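Worksheet: the structure to be examined is printed underneath.
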Amino acid sequence: MDLKKFIRDVPDFPVKGIVFKDITPLLLNHEAFSTAVDSMTKPFEGEKIDKILAIESRGFIFGAPMALKLGAGLIIARKQGKLPWKKVKKTYTLEYGEEILEVHQDAIEKDDRILIVDDLIATGGTARAMAELVEEMGGKVAGCAFLVELTFLEGRKLLKGYRVETIIKY
Ligand code: AMP
């Protein structure tokens with residue numbers, strides 16, 4: 001199934017010069033959505049994955065069904081101020097300034113094997129920050145899974161040393 005047909009390019013969103021990869025047409029089609037989740041999960045089937053760490057917000061859409069398929073727990077990494085309880089936060093720099101993501105402080109137990117999930121890898125900065133957070137909290141990064149990869153931004157370079165699996169490449 002050609003999943004690229006279900007990704008819509010939106011030029012100049014959210015700012016001029018960025019071509020936004022809109023995954024909502026894929027979500028509208030049961031077969032495409034299901035194929036996307038299955039394809040993202042497959043490389044990690046048979047691996048020991050204790051928890052998926054899904055990145056707000058589109059990472060949640062793929063991370064939750066993947067966690068169910070892999071028999072893993074689900075950690076939600078949320079933007080600052082959204083989680084209700086005690087948190088650990090990670091500040092990182094992207095093209096347009098600083099970003100902060102938080103997880104609950106009891107989300108990761110020592111040596112938990114964590115799969116990081118998001119819809120798309122661009123520069124890799126977000127996933128790299130989450131990999132560092134996992135390790136700072138005592139976990140191990142089992143890998144990173146994305147539906148879409150913008151290969152020209154070379155995000156894999158920032159994730160050197162980690163296993164990176166992507167399905168749709170531009
Ligand atoms: P990065 O940290 O540069 O790899 O950026 C990844 C995050 O930004 C992901 O959560 C993506 O959903 C979002 N993102 C970055 N660039 C795009 C794009 N061109 N289209 C859609 N989402 C994007």
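Just so it is clear, none of the values below were taken in a lab; they were calculated from the coordinates. Just so it is clear, the model here is predicted, and its values are computed rather than measured. Methodologically, a virtual Cβ is constructed for each residue, glycine included, from the backbone with ideal geometry; neighbour enumeration extends over all protein chains shown.
Data for the structure
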quantity	calculated
Residues whose placed amide H lies under 5 Å from that of residue 52, excluding near-sequence neighbours	73, 74, 75, 115
Loop sites in segment 1-34: trypsin sites (Lys or Arg not before Pro), DSSP, at most 10 other Cβ within 10 Å	16
Nearest-0.05 FRET efficiency for residue 47 and residue 86, computed from C-beta distance (R0 30 Å)	0.50
Segment 19-56 residues near the modelled residue 5 label - backbone nitrogen below 13 Å, point 7 Å along Cα→Cβ	26, 29-33
Cα centre as origin, Lys/Arg/Asp/Glu Cβ charges: the chain dipole, Debye	80
Distance violations [Cα-Cα > 22 Å] among 42/89; 5/69; 89/169; 51/82	42/89; 5/69; 89/169
Contact order relative to length of segment 1-83, as percent, for alpha carbon pairs under 8 angstrom and 6 or more apart	21
Net charge, residue 60 excluded, C-beta distance under 13 Å - Lys, Arg +1, Asp, Glu -1	+1
Exposure proxy order (Cβ contacts within 10 Å, fewest to most) of 112, 118, 22	22, 112, 118
Residue 110 paired with residue 19, simple spin-label distance in nm, labels 7 Å along Cα-to-beta-carbon	4.9
Share antiparallel - DSSP beta bridges, the chain, percent rounded to 5	40
Likely footprinting exposure, 121, 61, fewest C-beta neighbours within 10 Å first	61, 121
Candidates per chymotrypsin sites (Phe, Trp or Tyr not before Pro) in segment 66-96, loop by DSSP, up to 13 other Cβ within 10 Å	85, 96
Relative contact order [Cα under 8 Å, 6+ residues apart], the chain, whole percent	18
Local electrostatic count, residue 88, Cβ distance below 10 Å [Lys/Arg +1, Asp/Glu -1]	+1
At least 18 Å along the helix axis (C-alpha) and Kyte average at least -0.5, DSSP helices within the chain	58-70
Interatomic Cα distance distribution for segment 86-129, bins of 10 angstrom, percent	22, 51, 25, 2
Cα centroid separation - segment 1-79 against segment 102-170, whole Å	13
Segment 96-170: GluC sites (Glu not before Pro) in DSSP loop, at most 15 other beta carbons within 10 Å	109, 154
